[in-house]
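Some notes on the structure that comes next.
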Amino acid sequence: MLGRARVFKMNDINTDYIIAGRYKFKTLDMNELAKHIMEDIRPNFYDEIKKGDFIVVLFWLDRAVRTIMQVHPRGDRTKPKRGVFATRSPVRPNPVAVSELEVQDIQNNILFVKGLDILDSTPVIDIKSKIY
């Protein structure tokens, strides 16, 4: 089976918003920048999803500590330490996180979602339509 892929260089995409790099220094107006979200990656992305759909988003936990292998669940020191893979801790050896989110609304190419459990400005690696 053959597939097609596109390679992006480090400065091609602002991963906080998935905006083509050529726009990121022209304006700080998010309403203007929102017009260009995903346009180089998946030009028809906003035609493919609608309110009520579920999307799968992969994040890079850029502030995660990768050396700790056991944590107290939810930071509660009264509970015994458990392995990070048995918790929802952001402290992980592989800092990739995945969330399945319900699209609540789409306004000017800005997605409003339900179920997001990520810190503000966490880089987005990928957004996919959920496969049923």
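Ordering 98, 65 by the number of other Cβ atoms within 10 Å of each residue's own Cβ, fewest first, gives 98, 65.
The gain in end-to-end length when the residue 47 to residue 118 segment is fully stretched comes to 23.0 nm, 0.36 nm per residue minus the alpha carbon separation.
With the convex hull drawn around the C-alpha atoms of segment 67-119, the volume per residue stands at 102 Å³.
Take the residue pairs 26/128; 26/130; 26/114; 50/130; 26/50 and return only those whose Cα atoms are more than 22 Å apart. From 26/128; 26/130; 26/114; 50/130; 26/50, over 22 Å: 26/128; 26/130; 26/114; 26/50. Projecting label points 7 angstrom from Cα along Cα→Cβ for residue 69 and residue 56 puts them 2.9 nm apart.
Bear in mind these aren't lab numbers, they're just calculated from the coordinates by the rules spelled out. Keep in mind that what you see is a predicted model, and the values were worked out from it rather than measured. No Cβ is skipped: glycine too gets one built from the backbone with ideal geometry, and neighbour counts run over all protein chains shown.
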